[in-house]
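Chemist: Supplied in structure tokens, the structure appears directly below.
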Amino acid sequence: MGRKPIVGIFSVGVEEPYRWEGQRAERGGDSLVGWPMAWPNDLRPWFTKFSGVLHDERWLKPVEDLYRRYARWETYLRNERPLARVGLVYSQQTAWFHGTRVEDHTAGWYQALIEARNPFEMVHDGCSMLRTSTVQNAHPANIAALSDTQCRQLRDFVVRGGSLIATHETSLYDEWGVRRKRLRAG
């Protein structure tokens, strides 16, 4: 995302099936474990409480503790480069012009990296971030629709010493979703 601010929204409430449940708060808010890991990578926390009714107050203390920790660290987190060396490449272009559920592949990599507690950056396929960031290992998760220029950027990334793990149909189609007649190596 370059130097754009990144906000992570988390919430408590009865409005969705994947809410932060009360029993997790009893164990010290274990659903909040990953948030401090995201802060050095420019994520800004944003807590939302839908509805003004407090059915269960056990979540208040863990969220308060989380923000107190963030406030203590904030001076060190501002205007610094992300620490992540892994870039998870995602593509709106593939979703628009290839028609696959590219989000499933991205979500799978995302979940694996989170569970491994591996810091990573989200890299948009339309940006030249792989040339300027600290990313050393890029994961284009089924980025099927790539232009020749984007393919060249990925090759250049590898030539400069980066490693690339391309999955499924990555680069088999041009930026408009038209299958390439032949793939070029290197």
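Chemist: Find all pairs meeting these conditions: Cβ atoms under 8 angstrom apart; at least six residues apart or on different chains; first residue within the range 129-142 and closer than 14 Å to residue 163 by Cβ; second residue at pLDDT below 75 and in a helix (DSSP H, G or I).
Modeler: Taking only residues 6 or more apart or on different chains, the pairs are 135/129; 138/130.
Chemist: Six or more apart or on different chains, Cβ atoms under 7 Å: show the pairs whose first residue is in the range 42-71 and on the phi < 0 side of the Ramachandran plot and assigned to a helix (DSSP H, G or I) and whose second is of a type in the set (Phe, Trp, Tyr) and modelled with pLDDT of 75 or more.
Modeler: 63/47
Chemist: Please determine, by comparing only the residues of the range 83-119 that are surrounded by fewer than 22 Cβ atoms within 10 Å (Cβ to Cβ) and among the hydroxyl-bearing types (Ser, Thr, Tyr), which one is farthest from residue 144 (Cα to Cα).
Modeler: 110
The values are calculated or read from the model by the stated rules, or taken from the named source; none is laboratory data. Values in this document were obtained by computation on a predicted structure and should not be read as measured data. All Cβ positions, even for glycine, are placed from backbone atoms using ideal geometry, and neighbour counts span all protein chains on display.
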